[in-house]
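Accompanying notes for the structure given below.
The values are calculated or read from the model by the stated rules, or taken from the named source; none is laboratory data. Quantities reported herein were computed from a predicted structural model and do not represent experimental measurements. When we count neighbours, we look across all protein chains shown, and the Cβ atoms used for this are built from the backbone with ideal geometry, even at glycine. Please note that ligands, DNA and RNA were not included when accessible areas were found on the heavy atoms of the full protein model with its side chains. Shrake-Rupley method; radii C 1.70, N 1.55, O 1.52, S 1.80 Å.
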Amino acid sequence: MIRLIAIILTTLSLSACVAGGGTPANNGAALSASESAFAGTWSGNLPSGKPVRVVVSDTGAVSYYFRGQAQTLKNVTITSSRLSATVGTNGSTFTLSTSGSYVFTWGPTGEVTRAKLLKR
């Protein structure tokens, strides 16, 4: 019984860390010096005017917001030139370059939306 409680508490504490601090990039590996160029808050508006924000912590945890609502991320990868992730459960993806070029691909249709995000 004590072991079961310990497992539950550990699971809850780990999920709280990820939920509160974003989804780890690169399977939780520390960011390299070149990858750390993504650390910060990137934001902008899509051509439709809807806001997008990507927050990358110094440790490489990534949070993604569309219209102010946090979105679930998977497969988060950061390289020296690109950040990419799967958004939600329908196969949608986004990529962000160090210049702020943002591309979102809607999974169900393959429709592509491009925008320029600024690092603040």
Do we have any residue at all in the range 5-24 that's open to solvent by less than 60 Å² (accessible area, probe 1.4 Å), in a helix (DSSP H, G or I) and at pLDDT 95 or above?
no
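With the structure loaded, tell me whether ALA85 is within 13 Å of VAL52 (Cβ to Cβ), of a type in the set (A, V, I, L, M, F, W, C) and touching a residue at least 60 places away in the same chain (Cβ under 8 Å) or whether it fails that test.
On the way: within 13 Å of VAL52 (Cβ to Cβ): yes; of a type in the set (A, V, I, L, M, F, W, C): yes; touching a residue at least 60 places away in the same chain (Cβ under 8 Å): yes.
Considered against the rule, which asks whether it is within 13 Å of VAL52 (Cβ to Cβ), of a type in the set (A, V, I, L, M, F, W, C) and touching a residue at least 60 places away in the same chain (Cβ under 8 Å), ALA85 comes out as yes.
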Looking at (1) of a type outside the set (Asp, Glu); (2) assigned to a strand (DSSP E or B); (3) at negative phi; (4) open to solvent by 70 Å² or more (accessible area, probe 1.4 Å), which is the one condition that is false for VAL76?
(4)
Could you check the range 61-73 and list, in sequence order, the residues that are open to solvent by 70 Å² or more (accessible area, probe 1.4 Å) and either assigned to a loop (DSSP other than H, G, I, E, B) or modelled with pLDDT under 95 (or both)?
ARG67, THR72
Return a yes/no flag: does the range 85-92 have any residue that is open to solvent by less than 30 Å² (accessible area, probe 1.4 Å) and more than 14 Å from the chain's Cα centre (by Cα).
no
Matching residues in the range 93-120 (of a type outside the set (Phe, Trp, Tyr), under 15 Å from PHE66 (Cα atoms) and surrounded by 14 or more Cβ atoms within 10 Å (Cβ to Cβ)) number 8
Pull out all pairs, ordered by first then second residue, where Cβ-Cβ is under 6 Å, the residues are six or more apart or on different chains, the first lies in the range 88-101 and is in a strand (DSSP E or B), and the second is open to solvent by 30 Å² or more (accessible area, probe 1.4 Å) and of a type in the set (Val, Ile, Thr).
THR93/THR105; THR95/VAL103
